[in-house]
Amino acid sequence: MPVDPVIRPMRLEDVPDVERLTAEGFFELDRRTYARSWPEPTLRSDRAAAAWQRRIQHTLQHDPGGCWVAEDDAGLVGVAASLKRELMWILATFVVRPGEQGRGVGRQLLDAALSYGRGCLRGMLSASADPKAARRYRLAGFTLHPSMFMSGTVDRSTLPVVERVREGSTSDIDLMNSVDRRVRDSAHGVDHELLTSMYRLVVVDRSTGSGYAYVEPSGGPYLLAATNRRTATDLLWETLATSSPDEQCSIDHLTAANEWALDVGLEARLDLHTNGYLALRGMRPPSPYIHSGHFL
Ligand SMILES: CC(C)(COP(=O)(O)OP(=O)(O)OC[C@H]1O[C@@H](n2cnc3c(N)ncnc32)[C@H](O)[C@@H]1OP(=O)(O)O)[C@@H](O)C(=O)NCCC(=O)NCCS
């Protein structure tokens, strides 16, 4: 007889299994979603898996009450990890093992993570295209904003000269927190300490506008925030200039509130696609802003 999974707090020793579970869950989702079109699903590279583990360890360290797993006799069945930053609740990851989905495990995990966010005025999560996920989020009161992404190789001839952007460091964390508060009402706080150690950081700090972007190793933004569109546009071009001429680059997590970013991507001759939603509670889609999937 199969045993119902138990919902319990995540522990540090769960992290490798949690990483594998999420990699399998998203691989299977991509395989179903994109079976007949680009992109081909791929399992995470060793580098991506290690980065994923660092992000979840950091979340578990700072928000142990927001991180939950479901477990049965055979091991981990599901995970929901969430964080709180200045009255903002953020869902970092949410997956149930393929084959065990659609039986109510996700609802129990999400309820546990949501209860950690009780009292928060705002909520944010990056929703996949899975109809089961969309159903859960809407039933939990989130507004679903359809999301787009752009991909391809950057046409180098379109890259402008960007003059106001400089390299950033941990000494820019106060600046970044104040940009965050202005654009999305809450600062990333301790998450900047991790992100500055994981990603290249570029910054604009002028009287005419300020902002920052963390750059993906393959180019494109991991997270970008700015006080106006011109500054955001400069930062986005800088992240695209980092891409290599023969490697795929992407700009993920674009909402219709960020058409300035679509215009940059189209000019760089990237292709535009739709995928999932930005799900929000108590707030409008931030702009100019390109959110991170984990720290939003
Ligand atoms: C999203 C996910 C975590 C939800 O976990 P789950 O255990 O499947 O969730 P539940 O069974 O509690 O809820 C799923 C809901 O969708 C319904 N459902 C089941 N199969 C469905 C289908 N094929 N299409 C639409 N809805 C479906 C269920 O009836 C249930 O709704 P109800 O409780 O109102 O009856 C899980 O499906 C998953 O891992 N998906 C792939 C990864 C993913 O997209 N994660 C979300 C990242 S944002």
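The values are calculated or read from the model by the stated rules, or taken from the named source; none is laboratory data. Everything numeric here is computed off the predicted structure, so don't read it as measured data. Positions of Cβ are backbone-derived with ideal geometry, glycine not excepted, and every protein chain shown enters the neighbour counts. With ligands, DNA and RNA removed, areas are computed over all heavy atoms of the protein, side chains included. Shrake-Rupley method; radii C 1.70, N 1.55, O 1.52, S 1.80 Å.
If a residue has to be under 22 Å from residue 52 (Cβ atoms), at pLDDT 95 or above and open to solvent by 30 Å² or more (accessible area, probe 1.4 Å) to count, how many in the range 270-294 make the cut?
The total comes to 1.
Give the range 219-234 a look and list any residue that's part of a strand (DSSP E or B) and among the aliphatic types (A, V, I, L, M), or say none.
If the condition is that a residue be part of a strand (DSSP E or B) and among the aliphatic types (A, V, I, L, M), then 223, 224, 225, 226 are the ones that fit.
Among the listed residues 110, 12, identify the single one that is at pLDDT 95 or above, of a type in the set (A, V, I, L, M) and surrounded by 15 or more Cβ atoms within 10 Å (Cβ to Cβ).
When all the criteria are applied, what remains is 110.
If I go through the range 235-257 residue by residue, how many of them are touching a strand residue (DSSP E or B) at 6+ places or on another chain (Cβ under 7 Å), part of a helix (DSSP H, G or I) and farther than 16 Å from residue 200 by Cα?
Adding up the residues that qualify gives 0.
Return a yes/no flag: does the range 52-62 have any residue that is away from the ligand (no atom under 16 Å from the Cβ) and aliphatic (A, V, I, L, M).
Within the range 52-62 (the criterion being away from the ligand (no atom under 16 Å from the Cβ) and aliphatic (A, V, I, L, M)), the answer is yes, since at least one residue qualifies.
Within the range 90-111, can you find the residues that are acidic (Asp, Glu) and over 13 Å from residue 77 (Cβ atoms)?
Of everything in the range 90-111, just one residue is acidic (Asp, Glu) and over 13 Å from residue 77 (Cβ atoms), namely 111.
Among the residues of the range 57-105, which ones are surrounded by fewer than 24 Cβ atoms within 10 Å (Cβ to Cβ), hydrophobic (A, V, I, L, M, F, W, C) and closer than 20 Å to residue 278 by Cα?
Answer for the range 57-105, where residues must be surrounded by fewer than 24 Cβ atoms within 10 Å (Cβ to Cβ), hydrophobic (A, V, I, L, M, F, W, C) and closer than 20 Å to residue 278 by Cα: 87, 88.
Please tell me if residue 212 is open to solvent by 20 Å² or more (accessible area, probe 1.4 Å), part of a strand (DSSP E or B) and aromatic (Phe, Trp, Tyr).
no
For residues that are touching a residue at least 60 places away in the same chain (Cβ under 8 Å) and either in contact with an Asp or Glu (Cβ under 9 Å, 6 or more places away or on another chain) or within 16 Å of the ligand (Cβ to nearest atom) (or both), tally how many sit in the range 238-281.
Summing the residues that are touching a residue at least 60 places away in the same chain (Cβ under 8 Å) and either in contact with an Asp or Glu (Cβ under 9 Å, 6 or more places away or on another chain) or within 16 Å of the ligand (Cβ to nearest atom) (or both) in the range 238-281 gives 19.
Note down all Cβ pairs under 6 Å where the first residue falls in the range 58-86 and is in contact (Cβ under 8 Å) with a residue 60 or more places away in the chain, the second is of a type in the set (Asp, Glu) and open to solvent by 30 Å² or more (accessible area, probe 1.4 Å), and they're at least six residues apart or on different chains.
76/17; 77/100
If you take the residues of the range 137-163 that are of a type in the set (Val, Ile, Thr) and not in a loop (DSSP other than H, G, I, E, B), which of them is farthest from residue 111 (Cα to Cα)?
158
Working carefully through the options 168, 219, find the one that is open to solvent by less than 30 Å² (accessible area, probe 1.4 Å) and under 27 Å from residue 122 (Cβ atoms).
Result of the check over 168, 219: 168.
With the checklist (1) of a type outside the set (A, V, I, L, M, F, W, C); (2) in contact with a strand residue (DSSP E or B) (Cβ under 9 Å, 6 or more places away or on another chain); (3) in contact (Cβ under 8 Å) with a residue 24 or more places away in the chain in hand, flag the one item residue 230 doesn't pass.
With (1) of a type outside the set (A, V, I, L, M, F, W, C); (2) in contact with a strand residue (DSSP E or B) (Cβ under 9 Å, 6 or more places away or on another chain); (3) in contact (Cβ under 8 Å) with a residue 24 or more places away in the chain applied to residue 230, the lone miss is (3).
So, in the range 17-56, exactly how many residues are touching an Asp or Glu at 6+ places or on another chain (Cβ under 6 Å) and either open to solvent by 30 Å² or more (accessible area, probe 1.4 Å) or at pLDDT below 85 (or both)?
Here the count works out to 2.
Could you give me the residue pairs with C-beta distances under 9 Å whose first residue belongs to the range 101-115 and is under 12 Å from residue 66 (Cβ atoms) and in a helix (DSSP H, G or I), whose second residue is near the ligand (Cβ under 6 Å from one of its atoms) and open to solvent by 50 Å² or more (accessible area, probe 1.4 Å) wherever it lies, and which are 6+ apart or on separate chains?
Sorted first by the residue in the range 101-115, then by its partner, the pairs are 110/136.
For the range 223-236, indicate whether the set of residues that are at pLDDT 95 or above, under 26 Å from residue 117 (Cα atoms) and open to solvent by 30 Å² or more (accessible area, probe 1.4 Å) is non-empty.
There is no residue in the range 223-236 that is at pLDDT 95 or above, under 26 Å from residue 117 (Cα atoms) and open to solvent by 30 Å² or more (accessible area, probe 1.4 Å).
Give me the pairs: first residue in the range 129-140 and within 6 Å of the ligand (Cβ to nearest atom), second residue open to solvent by less than 80 Å² (accessible area, probe 1.4 Å) and in a helix (DSSP H, G or I), beta-carbon distance under 9 Å, and six or more apart or on different chains, which are they?
Listed by first residue and then by second, the contacts come to 130/29; 130/33; 132/106; 133/29; 133/106; 136/106; 136/110.
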